[in-house]
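The values are calculated or read from the model by the stated rules, or taken from the named source; none is laboratory data. As the structure is a prediction and not an experimental result, all values here were calculated from the model. Neighbour counts run over all protein chains shown; Cβ positions are idealised from the backbone, glycine included. What goes into the accessible areas is simple: the full protein's heavy atoms, side chains included, and nothing from ligands, DNA or RNA. Shrake-Rupley method; radii C 1.70, N 1.55, O 1.52, S 1.80 Å.
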Amino acid sequence: MSTATAETYLRESGLDVKSKVSLGPFTTLKVGGVADLFLEPTSIEQVQAIASCSLPFRVLGWGANLLVRDEGVRGMVLRLSKLKSRSGLYVESGMSLPRLIKETVAEGLSGLECLAGVPASVGGAIYMNAGGKHGEICDSVRFVDVLHEGKVERLTREEVGFQYRSTSLGDRIVLGVEFDLKPLSDVQARYDDILAGKKSTQPLGSPNAGCMFKNPPGESAGKLIQDAGLCGSRVNQVHVSHKHANFMINDGGASSDDVLRLVDLVQNGVRKSFGIDLKLEVQIW
């Protein structure tokens with residue numbers, strides 16, 4: 001199916017189809033070229049219609065942990081931001097994770113406060129198994145509903161295949177999640193402490209993709225980068241944060257090539273200093 005044919009088919013399915021949409025504004029790093037087609041479905045049926053096209057597609061969450069190349073994305077990009085309803089502890093994948101955390105904490109429920117300060121949609125957080133030193137999202141999942149080969153499937157926590165900053169979901173689209181949260185009297189205080197700690201140690205207010213590199217076993221990627229003397233290292237309009245060395249900051253107008261060149265510089269520096277190969281946590285489209 002050609003792009004033009006797919007666009008016609010999707011419009012006939014009731015979808016609002018946009019063409020040649022710049023993806024940079026939809027990422028937290030603010031870098032990236034255009035998508036051939038950009039869609040924001042409002043129902044699972046529309047997601048199924050998109051997935052039934054023979055064009056390749058990618059699913060965009062909040063755009064954190066993501067670097068889109070300046071060349072852009074061929075095929076379709078679907079953003080599930082309009083699928084964001086919540087019923088009890090069942091949440092559609094497009095819901096804001098920070099909003100969900102605030103709501104559940106206000107309800108006295110514990111399990112997600114460990115992710116305070118993580119910019120993500122619920123679906124994106126599931127797909128990447130978002131987490132940090134305080135815990136991971138997989139710790140609070142009961143089951144996940146996904147779209148696979150046109151059908152809605154319900155996966156147990158074990159079937160999702162949660163791993164360090166990844167899952168076994170492959171090309172499955174996360175539609176919704178049932179969480180398993182427990183009452184905790186001091187959950188608000190714990191949330192406040194974790195968020196305050198994030199704000200004091202991470203450049204949350206600057207354009208960045210989150211942690212660029214995975215932590216090697218038994219090591220901290222940020223500490224390795226700092227100890228290698230790489231804080232402040234720069235390629236044009238992107239630099240390594242002084243506040244947290246595992247973050248790269250877009251000063252405005254950075255290109256994907258700038259970011260990738262800085263990635264290489266950091267990897268080479270850490271390898272030379274410690275003999276350790278840093279692996280990207282950020283996905284590249």
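Structure summary
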| read-out | value |
| --- | --- |
| Residues that are out of contact with any helix residue (DSSP H, G or I) (no Cβ under 9 Å at 6 or more places or on another chain) and free of Cβ contacts under 8 Å to residues at least 60 places away in the same chain, drawn from the range 83-106 | Ser85, Ser87, Gly88, Arg99, Glu103 |
| Answer residue from the range 236-285, given it is small (Gly, Ala, Ser) and part of a loop (DSSP other than H, G, I, E, B) and is nearest to Pro216 (Cα to Cα) among those | Gly275 |
| Every pair of residues 6+ apart whose Cβ atoms lie under 6 Å, when the first sits in the range 261-285 and is small (Gly, Ala, Ser) while the second is not in a strand (DSSP E or B) | Gly269/Ala228; Gly269/Leu230; Ser273/Ala228 |
| Matching residues in the range 191-208 - criterion: being open to solvent by 50 Å² or more (accessible area, probe 1.4 Å), aliphatic (A, V, I, L, M) and modelled with pLDDT of 95 or more | Ala196 |
| Enumeration of residues in the range 172-190 that are closer than 23 Å to Ser85 by Cβ, in contact with a helix residue (DSSP H, G or I) (Cβ under 7 Å, 6 or more places away or on another chain) and open to solvent by 20 Å² or more (accessible area, probe 1.4 Å) | Asp180 |
| Boolean, Leu169 is farther than 30 Å from Gly205 by Cα, part of a loop (DSSP other than H, G, I, E, B) and open to solvent by less than 30 Å² (accessible area, probe 1.4 Å) | yes |
| Qualifying residue in the range 10-24 (condition: over 24 Å from Tyr127 (Cα atoms), touching a Leu at 6+ places or on another chain (Cβ under 9 Å) and in a loop (DSSP other than H, G, I, E, B)) | yes |
| Cβ-Cβ under 9 Å pairs, at least 6 apart or on other chains, the range 134-162 side over 27 Å from Leu184 (Cβ atoms), far side part of a helix (DSSP H, G or I) and among the β-branched types (Val, Ile, Thr) | Val146/Val160; Leu147/Ile44; Leu147/Val47; Val152/Ile44 |
| Scan of the range 67-84 for residues that are part of a loop (DSSP other than H, G, I, E, B) and surrounded by fewer than 21 Cβ atoms within 10 Å (Cβ to Cβ), ordered by number | Arg69, Asp70, Glu71, Gly72, Ser81, Lys82, Lys84 |
| Residue, farthest from Ser96 (Cα to Cα), within the range 43-64, restricted to residues that are touching a strand residue (DSSP E or B) at 6+ places or on another chain (Cβ under 6 Å) and in a loop (DSSP other than H, G, I, E, B) | Leu55 |
| Scope the range 220-242; condition open to solvent by 30 Å² or more (accessible area, probe 1.4 Å) and either modelled with pLDDT under 95 or of a type in the set (Ser, Thr, Tyr) (or both); matching residues | Ser220 |
| Hey, Glu159 part of a strand (DSSP E or B), open to solvent by 10 Å² or more (accessible area, probe 1.4 Å), farther than 30 Å from Thr201 by Cβ and modelled with pLDDT of 95 or more or not | no |
| Subset of the range 209-219 [open to solvent by less than 60 Å² (accessible area, probe 1.4 Å) and at positive phi] | Gly210 |
